[in-house]
Structure formats: structure tokens, C-alpha cells
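K.L.:
Below you'll find the structure I mean.
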Amino acid sequence: MIQVAINGYGTIGKRVADAVREQPDMEVRGVAKTRPNFEAETAVDKGFPLYAAVEERADQFADAGLEIAGPVEDLVDAADVVVDATPSGIGAENKSMYEAYDTPALYQGGEDADLVDTSFNARSNFEDATGADHVRVVSCNTTGLSRVIAPLREAYGVEKVRATLVRRGGDPGQTSRGPINDILPNPVTIPSHHGPDVETIFDDLDIDTLGMKVPATLMHMHSLNVTLEEEVDASEVRDLFAEESRLFLIPERMDIDGSGKLKEYALDAGRPRGDVWENCIWEESISTVGDDLYLFQGIHQESDVVPENVDAIRAVLGEADAEESIETTNETMGIGL
Ligand SMILES: NC(=O)C1=CN([C@@H]2O[C@H](COP(=O)(O)OP(=O)(O)OC[C@H]3O[C@@H](n4cnc5c(N)ncnc54)[C@H](OP(=O)(O)O)[C@@H]3O)[C@@H](O)[C@H]2O)C=CC1
Ligand SMILES: O=C(OP(=O)(O)O)[C@H](O)COP(=O)(O)O
């Protein structure tokens, strides 16, 4: 069994822990946090050994009635691989600890691409992570773009991608985030960081991205224009996407008109936390004009990177190829709406 450490038990880390627990070939060795709160209590309730990320604050857990298994260094030492899901920039600070214990590490999209040996998206470049010591699972938006671009490149070739990303202001639990009543060009400079980030997955891709932030918490929304290398009928693209396990084509009959109903559907379907692991592409929006393809897709920022982290664990340890890993992860998590 692959022993997995999860350092940073917040929005992403707690979801990765639950997904890892479902895998037949993995075990959660433990999770690390800096302080007691509701997430620490839930981790203990779920039976995950809890480690102290900051030694000087370890007493706070005892004061809150939470038993600590040891310092985070013990967890990293005992694990085969660590998933760092700490806030942006902390992963970079943790890198030397992972190196000291010779434990391969996965980082999240908030870290810089040059921190790692390779950036990762399971559908696009699984093999690049094999044997790597430091791998970055790209951000929710980059994951969402990569999953669409990979099959289009393989089937038709891609000349140019133009994407406008309407980004949720914060996650539902991020009460300090905004905007509350505004629409921000964010970043105001063009291209946004997302285009260069997608190029860490496809280094020869021509892509421009523009970003905005809006007063919403549920999901991001992408408006996508891909110039293909040949003219293709929209129905062919729909058929191509229908074969992709992490793309959900929202059928017109479902009458899902936005992120709110998508989340409601996920909750009705019994998804944990109402998570939507797949890109959600409005089927009616898939249109072609000459060699230009257009579509709208919703991206659930809190969860689409979770199966990617599970696959990245197998990739770095060389435990499976892309197809096997994606299939196992999909089956165990129940991916495929
Ligand atoms: N949220 C999102 O939509 C997405 C986030 N990401 C990326 O994932 C990463 C994590 O983001 P997210 O889960 O949202 O962040 P959160 O703030 O929700 O979770 C991070 C957790 O890390 C803990 N933490 C803070 N400092 C340390 C430390 N030194 N050692 C161990 N744990 C620490 C915090 O817990 P505490 O201090 O309470 O112990 C916190 O709960 C970032 O790189 C982000 O960019 C990627 C895709 C989507
Ligand atoms: O962490 C994330 O968003 P955030 O930095 O706005 O909280 C998501 O990964 C999305 O980030 P991005 O829009 O910079 O890709």
C-alpha cells in the first residue's frame, strides 16, 4: 500500500485525503495542520492521524482535546509520498523538508512552476511525472483548460486557444474574500497567468487568456475559443468530448442553466460536499464556425484537481500508467456524471 502524507488539510487537502482513502492501493498515513479548528476535529473523527505542522503550536491541539501523532517531520519520514496542500507559497518553504526525508512531493497550483521538475495533468502528461521528486498539480483553471485541449490537439491539432475566465471571488468558506458587489478584471494585465500555466503542460501551445473575478463562490466559468487546424463539425467535437471521462456534457434536457443548478445536481447525486470533479461543458454551447470552436464550461475549483492529485501519486511512484490510474481513480471516486 502506498503511504500518503497530506500536509495542509484545508479545501484541497481534506478532499484529497478522502479520495486517497477510497483507493485500493493507497492509505492515508496522516494529515498535518498548524492549529485546531473544525477541520482538525473532522480529521480526527475520520480516523486520520493528525500531525502538528508547527512544533511550537502543537500544545494548542492538546488544549482543544485533540491528540497529536507527532510533528509533521515524522509524517513526511514515514510516507512514500507527500501531498502538499498548504496555502500558496508555503509549499515552496516545505520543499527542503521533503528533500531532507527523501520523500517525493506533490504541490498545488498556487506554487510557482519553477519549484518543480514537472507540472501535471493526468490526461495530458501523466508520464512526465514518473520518477520525479517534485511535481505540481496545476490549478483548477489550468486543469479545466488542459482536459479540453488534450483531446482537441490529438484529434484535430490546435492552432490557437483564446479563453476568458470568469473566476469565482473565493471559495464558500473564504468569508474574507471579495469582490462583494463588483466585477474585476483580474489580473488586469493580459494575458492572465493561466495561459503561461497551461503552457507548462503543453509547451508548444499558442494560448491567450483573460481573467475576471466576480461575486460568486460556487464555480468558475470559462468562455473558450479554440482555432483548430482543420474544419470540424460541432457534432464531431461533441462525440469526441463524450468519450472523455472527466468531461461532463450537460444535456439540454437537464435544464441546468448555471453553476447553482450544477452544484444542486451534484448534491442530489449524492456527491460528497457537492463536489463536481468533471469539467461541465454546456453541450448546446459547443459550436464551430469554420475552423473555430466555441464553448462554455463550468469548473468546480474546490474539487477538479482532486482526482489529478490521486493520479499524480501513482505517476511519481511509477505504480500505473495513465489509463490504469485514471480508470481506478474514476471508479473509486464515482467520477462520470
Ligand atoms: N481552493 C481552490 O479553489 C484551489 C486551490 N488550489 C491550490 O491548492 C493550495 C491549497 O489551497 P486551499 O486548499 O484552497 O487552501 P486552504 O487555505 O483551504 O487550505 C490550506 C490549509 O493548509 C493549512 N496550513 C497553513 N499553513 C500550513 C503549514 N505551514 N503547514 C501545514 N498546513 C498549513 C491551513 O490550515 P491551518 O492553518 O488551519 O492548519 C489550511 O487549512 C494552494 O496552492 C491553492 O492555490 C488549487 C486549486 C483550487
Ligand atoms: O487557488 C485558486 O484560486 P485563488 O488563488 O483565487 O483562491 C484556484 O486554483 C484558482 O486560481 P487561478 O484562477 O489563479 O487559477
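K.L.:
Taking Ala62, is it aliphatic (A, V, I, L, M), farther than 25 Å from Glu319 by Cα, surrounded by fewer than 19 Cβ atoms within 10 Å (Cβ to Cβ) and free of Cβ contacts under 8 Å to residues at least 12 places away in the same chain?
P.N.:
Yes: the conditions hold for Ala62.
K.L.:
Which of the residues spanning the range 46-59 are out of contact with any strand residue (DSSP E or B) (no Cβ under 8 Å at 6 or more places or on another chain) and either surrounded by 19 or more Cβ atoms within 10 Å (Cβ to Cβ) or acidic (Asp, Glu) (or both)?
P.N.:
The answer is Glu56, Asp59.
K.L.:
Contact list please: Cβ distance under 7 Å, first residue in the range 26-44 and more than 18 Å from Ile90 (Cβ to Cβ), second residue of a type in the set (Phe, Trp, Tyr) and more than 12 Å from ligand 1 (Cβ to nearest atom), pairs at least six apart or on different chains.
P.N.:
Filtered contacts from the range 26-44: Val28/Phe48.
K.L.:
Restricting the range 12-51 to residues that are small (Gly, Ala, Ser) and more than 9 Å from ligand 1 (Cβ to nearest atom), which is farthest from Val72 (Cα to Cα)?
P.N.:
So the residue we want is Ala19.
K.L.:
Identify, from the list Glu252, Glu264, Glu230, the residue that is more than 16 Å from ligand 1 (Cβ to nearest atom), over 23 Å from Ser119 (Cβ atoms) and touching a residue at least 40 places away in the same chain (Cβ under 8 Å).
P.N.:
Within the list Glu252, Glu264, Glu230, the selection yields Glu230.
K.L.:
Which residues, taken from the range 98-142, are touching a His at 6+ places or on another chain (Cβ under 7 Å) and part of a loop (DSSP other than H, G, I, E, B)?
P.N.:
If the condition is that a residue be touching a His at 6+ places or on another chain (Cβ under 7 Å) and part of a loop (DSSP other than H, G, I, E, B), then Val116, Asp117 are the ones that fit.
K.L.:
Would you mind telling me which numbered condition in (1) open to solvent by 40 Å² or more (accessible area, probe 1.4 Å); (2) of a type in the set (Asp, Glu); (3) under 26 Å from Gly173 (Cα atoms) Glu236 fails?
P.N.:
The one condition Glu236 does not meet is (3).
K.L.:
Restricting the search to the range 13-23, which residues are in contact with a helix residue (DSSP H, G or I) (Cβ under 7 Å, 6 or more places away or on another chain) and either among the hydrophobic types (A, V, I, L, M, F, W, C) or part of a loop (DSSP other than H, G, I, E, B) (or both)?
P.N.:
Within the range 13-23, Val16, Ala19, Val20, Gln23 meet the criteria.
K.L.:
Considering Gly144, Gly157, which residue is in contact (Cβ under 8 Å) with a residue 12 or more places away in the chain, surrounded by fewer than 23 Cβ atoms within 10 Å (Cβ to Cβ) and not assigned by TED's automatic domain parsing to the domain that holds Tyr9?
P.N.:
Testing whether each residue is in contact (Cβ under 8 Å) with a residue 12 or more places away in the chain, surrounded by fewer than 23 Cβ atoms within 10 Å (Cβ to Cβ) and not assigned by TED's automatic domain parsing to the domain that holds Tyr9 leaves just Gly157.
K.L.:
Right, here's the next one. Keeping to the range 260-282, report how many residues are touching a Lys or Arg at 6+ places or on another chain (Cβ under 8 Å) and closer than 26 Å to Leu240 by Cβ.
P.N.:
Counting residues in the range 260-282 that are touching a Lys or Arg at 6+ places or on another chain (Cβ under 8 Å) and closer than 26 Å to Leu240 by Cβ gives 5.
K.L.:
Which residue pairs have Cβ atoms under 7 Å apart, sit 6 or more places apart or on different chains, and have a first residue in the range 301-322 that is within 15 Å of Pro272 (Cα to Cα) and a second that is open to solvent by less than 10 Å² (accessible area, probe 1.4 Å) and acidic (Asp, Glu)?
P.N.:
Filtered contacts from the range 301-322: Glu302/Asp275; Ser303/Asp275.
K.L.:
Out of all the residues in the range 102-159, which are of a type in the set (D, E, K, R) and closer than 17 Å to Gly195 by Cα?
P.N.:
Glu111, Asp112, Asp114, Arg136, Arg147, Arg153, Glu159
K.L.:
Next question, about the same structure. Which condition does Thr189 not pass, out of (1) touching a Gly at 6+ places or on another chain (Cβ under 9 Å); (2) loosely packed, with under 15 Cβ neighbours inside 10 Å; (3) not hydrophobic (A, V, I, L, M, F, W, C), if it passes all the others?
P.N.:
Among (1) touching a Gly at 6+ places or on another chain (Cβ under 9 Å); (2) loosely packed, with under 15 Cβ neighbours inside 10 Å; (3) not hydrophobic (A, V, I, L, M, F, W, C), the lone unmet condition for Thr189 is (1).
The values are calculated or read from the model by the stated rules, or taken from the named source; none is laboratory data. Note that the structure is predicted; figures quoted are calculated from it, not measured. Cβ coordinates were reconstructed from backbone atoms using ideal geometry, including for glycine residues, and neighbour counts include every protein chain displayed. Heads up: the accessible areas ignore ligands, DNA and RNA and are worked out on the full protein's heavy atoms, side chains in. Shrake-Rupley method; radii C 1.70, N 1.55, O 1.52, S 1.80 Å.
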